[in-house]
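Note sheet for the following structure.
None of the figures in this text is laboratory data; all of them are computed from the coordinates on show. All figures in this text were calculated on a predicted structure; none of them were measured in a lab. Ideal geometry is used to build each Cβ from the backbone, glycine not excepted, and the neighbour counts take in all protein chains shown.
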Amino acid sequence: MVKPPTVESLAARLKLRHLQIALALRDALSAKEVATAANVSESAVSKTLAELESQLGFKLFERVGNARRLTEMGRQVLPMMELVLAQARGLAQSVMDVRDGRQGDLRIGVATDMGKLSLAPLIHAFNQARPGVALDVQSGGYRAMADLLLDDKLDALVCYDSAELIASGLGRLRLVPPQPLVVVANARLSPLAGKRRLTLKDLHGQPWCKPRPGTMMHDRLTALFLAGDLGLPPLGIQASDLLLTDEFIRGTDYLVMLPLAAAQRLTASDNAVILPVDLRAHNPPTMLAWQRAAERQPTLQQFLRFCDEQVSVGNT
């Protein structure tokens, strides 16, 4: 007595091509029509069906005169075959999406010691162009974000340019050129808001939202006042995250130093003003950095290509 095949052995022998032929025979008027569509001979179609029925252990079709119709077993299993083929097509599409970077994960870090960066439009545009890519955007101080990038816990990092980023193992793309640094104040609460001309000494006596030591913006602010024989302003607070400066500008009399583009976004609502003092200072370029060893990752490839295109459009 022949033992029936196990589930595993039967599943291993079933081929998608067999299922496709069986479904095509169900829907076509004749085997000749199936053979023509599949670009094979009628005998090849018959052989494929015979192989499938042999594996299953029962007939899928029966003859009624010159016509072919489904058997009772065929009526039960062909819808399942249709589902298997649909799942196989879905798998194939997912594989292609993953391979081409249209599906997968992407981890982007943003160094918060760079002030308010207009990264949201870039991220939003990429998300619209590649909705299948799950974006995880993390923020933190430059040192912490750089360590995550080097430890392969980030795929890309947006930050100010730094000598540490000039290394053979790191890729670099300039997103934003250097910008002038300006001082922003609350339009109603700051006593300097209505002044037509200001000096460093005027700024020094006001409360500040100061960047934490060890950041580029802290170094710039310190150098600014040292050039005028002044120390760092004693009044105000130290903020570890300059992305919080929006709230301080809107609700307090603190001053803050920001890149021009970030300052202009704050002053667009008339809650803040750029003070009339020329700092004669610029921030470094804003860069996108990544590990070259990870460049073949499809989602990272797509993001780098997208950013490069956006930069090219912005430069035209």
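Could you work out the relative contact order of region 179-282? I mean the mean sequence separation of Cα pairs under 8 Å and 6+ apart, divided by the number of residues, in percent.
Averaging sequence separation for qualifying contacts and normalising by length gives 51 percent for region 179-282.
Can you list the aspartates and glutamates whose alpha carbon sits under 16 Å from that of Lys15, skipping same-chain ones fewer than 8 residues off?
The reachable aspartates and glutamates, counting only those whose Cα sits under 16 Å from Lys15, are Glu51, Glu53, Glu82.
Mean-square fluctuation check for the chain, GNM, Cα pairs under 10 Å: which of Met73, Met287, Met216 is largest?
Met73
For P(r) over Cα pairs in 10 Å bins from 0, in percent, pick the label among [x] 5, 24, 32, 24, 12, 3, 0, 0; [y] 7, 31, 39, 21, 3; [z] 5, 20, 19, 13, 10, 9, 8, 8, 5, 2, 0 that corresponds to the value derived from the coordinates.
From the options [x] 5, 24, 32, 24, 12, 3, 0, 0; [y] 7, 31, 39, 21, 3; [z] 5, 20, 19, 13, 10, 9, 8, 8, 5, 2, 0, the structure gives [z].
About its Cα centre, how strong a charge dipole does the chain have in debye, to the nearest 20, once Lys and Arg get +1 and Asp and Glu get -1 at the Cβ?
Dipole of the chain, to the nearest 20 debye: 620 debye.
Which residues' amide hydrogens lie under 5 Å from the amide hydrogen of Gly171, considering only partners 5 or more residues apart or on another chain, with H built in the peptide plane?
Here Trp290, Gln291, Arg292 satisfy the definition.
Could you order the peptides 217-223, 5-11 from most to least packed, using the average number of other C-beta atoms within 10 Å per residue?
217-223, 5-11
Relative contact order, percent, of the chain when contacts are C-alpha pairs under 8 Å separated by at least 6 residues?
21
For the chain, what does -39500 (n - 2.57) per DSSP helix run (n ≥ 4), summed and divided by total residues, give at 222 nm, in deg cm²/dmol to the nearest 500?
-13500 deg cm²/dmol
I'd like to compare 229-238, 275-284, 257-266: which one has the highest average count of other Cβ atoms within 10 Å, and what's the full order after that?
Result, highest mean first: 257-266, 275-284, 229-238.
Please label the shape of region 179-282 as rounded, prolate or oblate, based on the square roots a ≥ b ≥ c of the eigenvalues of the alpha-carbon gyration tensor (a/c under 1.5 means rounded; beyond that, a/b larger than b/c means prolate, else oblate).
rounded
Express the relative contact order of region 54-183 as a whole percentage, based on alpha carbon pairs under 8 Å and six or more residues apart in sequence.
Normalised by residue count, the contact order of region 54-183 is 21 percent.
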